[in-house]
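Structure first, then comments.
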Amino acid sequence: MSRSLLLTPGDPAGVGPEIACRLASVRPELLLVADPGLLERNLERLGLDCKVLECDPEDDSVHEPGSIRCWPVELARIETPGRVDPANAGYVLDCLGRAADACLDGRAAGLVTGPLHKGVINQAGIPFSGHTEFLAERAGVERVVMMLVAGRFRVALATTHLPLREVPDAIQADSLRRTLRILDHDLRFRFAIERPRIAVLGLNPHAGEGGYLGREEIEVIEPVLEAERQAGLDLIGPLPADTAMVPERVREFDAVLAMYHDQGLPVLKYAGFGQAVNVTLGLPFLRTSVDHGTALDIAGKNRADAGSLLAAVDLAMQLQSNAP
């Protein structure tokens, strides 16, 4: 049985379903986990002459030209492009959970995810902070690492979706140590980098300026880095964030570990927006995602760029081939 690469289009009101349809019409290895009617409506809006074939990950039938394969999950309510609906929050998470379970039990080769609207899921009364945290809980994994990739530029995060005032307290020795080990392991295992060279940013401006601008570097970050160097990791830092990612410097590293979301990701997205890919490290299965949100303002208008989703699919295929 050949295992499919699963794709969850994300929020039905956003651009995810239309870019998923556009890509799946030319990439037969994809199996969309979605409502068939949602896909048919998007195909009609896009003017694509494709039919939707319902199947599941264990269906090894030959892909029919001019078709999109769909593992059906029923919407609670028909979508209105550009207008999120809390009634469909359960549907979105059902698609994601079903896809994750298929990856966990070996029925699927990996998972590519489209953009979600976190706010509407929480409006529905379902606590939700993001794909990354949801998948970690589903897999029973205590810690995962978010990393964005744009070509050879890779930025991982020590913390993810936290209010800025909570970040310093979240930079703890044990969590930082585990993050570094996951990052080093998956750069070796998934990206086939024999000895990853990892730059670690400081939390404070100028990496604390010797303690004058904060002591997290002295009390937490530096001791962890020194201990992990002794364990064999190739770590540089803590480095000032404002100079570590200039082009001539960042080429020296296989990855950069930023301390918080908006310290590292604006730089990477500026360098590769629309072509960047979100990769979740530390999961027992492969997962990539787009680097953008639901783009509700252009949903249903056939204006969305599928470039990031194509990059996410291509990277997933590459990483799958790298794995021993």
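To the nearest 20 debye, what is the magnitude of the charge dipole of segment 143-281 about its Cα centre, counting +1 on the Cβ of each Lys and Arg and -1 on the Cβ of each Asp and Glu?
Values: 16 positive and 19 negative charges, 117 e Å.
The calculation lands at about 560 debye.
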Q. What whole-number value in Å² describes the accessible area per residue of the chain for a 1.4 Å probe?
A. 43
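Under the rule of -39500 (n - 2.57) per DSSP H run of 4 or more residues, summed and divided by the residues of the chain, what mean residue ellipticity at 222 nm is obtained, to the nearest 500 deg cm²/dmol? Don't skip to the end; give the middle numbers.
Details: 12 runs with 117 residues, N = 324.
Estimated from H runs of four or more residues: -10500 deg cm²/dmol.
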Q: Please report how far the C-alpha centroid of segment 292-319 lies from that of segment 39-89, rounded to the nearest whole angstrom.
A: 16
(Q) From the Cα trace of segment 225-324, what convex hull volume per residue do you get, rounded to a whole Å³? (A) 150
Q | Helix axis angle, 261-272 relative to the chain longest principal axis, alpha carbon, degrees | A | 60
**Q.** Solvent-accessible surface ranking, highest first, for Ile78, Ile182 at 1.4 angstrom
**A.** Ile78, Ile182
Q. Magnitude of the Cβ-charge dipole of the chain, K/R +1 and D/E -1, about the Cα centre, nearest 20 debye?
A. 400
Q) Gln230 to Asp49: FRET efficiency via 1/(1 + (r/R0)^6), r the Cβ-Cβ distance, R0 51 Å, to the nearest 0.05? A) 0.25
Q: Determine Rg/Rh for segment 143-281; Rg is computed over alpha-carbon atoms and Rh is the Kirkwood hydrodynamic estimate from the same atoms.
A: 0.93
Q. Roughly speaking, to the nearest percent, how much of segment 143-281's 1.4 Å accessible area is carbon and sulfur?
A. 52
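Given N residues in the chain, what is Rg(Cα) / (2.2 N^0.38 Å)?
Numbers: Rg = 20.2 Å, N = 324, 2.2 N^0.38 = 19.8 Å.
That works out to 1.02 for the chain.
Within 10 Å, count the other beta carbons around each residue, average over each peptide in 25-34, 163-172, 206-215, 66-75, and list them highest first.
On the way: 25-34: 21.2, 163-172: 12.7, 206-215: 15.4, 66-75: 19.0.
Ranking, from highest mean packing down: 25-34, 66-75, 206-215, 163-172.
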Q.
Can you tell me the orientation of helix 36-46 relative to the chain, as the angle in degrees between its alpha-carbon axis and the longest Cα principal axis, to the nearest 10?
A. 90
Q.
Would you report the distance distribution of C-alpha pairs in segment 1-123 as whole percents per 10 angstrom bin, up to the bin with the largest distance?
A. 14, 49, 31, 6, 0
Q. Among residues other than Leu239 whose Cβ falls under 12 Å from its Cβ, what is the net charge (Lys/Arg +1, Asp/Glu -1)?
A. -3
Q: Please give the solvent-accessible surface of Glu79 in Å², to the nearest 10, using a probe radius of 1.4 Å with every protein chain present.
A: 20
Q: Just tell me which lysines come within less than 22 Å, Cα to Cα, of Lys51; anything on the same chain fewer than 8 places away is out.
A: Lys301
(Q) Among Leu225, Val256, Leu201, whose Cα projects farthest towards the positive end of the dipole of segment 143-281, with charges put on the beta-carbon of Lys, Arg (+1) and Asp, Glu (-1)? (A) Val256
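First select every other residue whose beta carbon is under 15 angstrom from the beta carbon of His261; then total the charges, Lys and Arg +1, Asp and Glu -1.
Values: positive: Lys118, Arg165, Lys269; negative: Glu133, Glu166, Asp262, Asp291.
Here the count lands on -1.
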Q) Once you list every other residue whose beta carbon is under 11 Å from the beta carbon of His292, what net charge do they have if Lys and Arg are +1 and Asp and Glu are -1? A) -1
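The values are calculated or read from the model by the stated rules, or taken from the named source; none is laboratory data. Given the structure is predicted, the values throughout are model-derived calculations rather than measurements. Glycine gets a Cβ as well: all are built from the backbone with ideal geometry, and neighbour counts include every protein chain shown. Heavy atoms of the whole protein, side chains included, go into the accessibility calculation; ligands, DNA and RNA do not. Shrake-Rupley method; radii C 1.70, N 1.55, O 1.52, S 1.80 Å.
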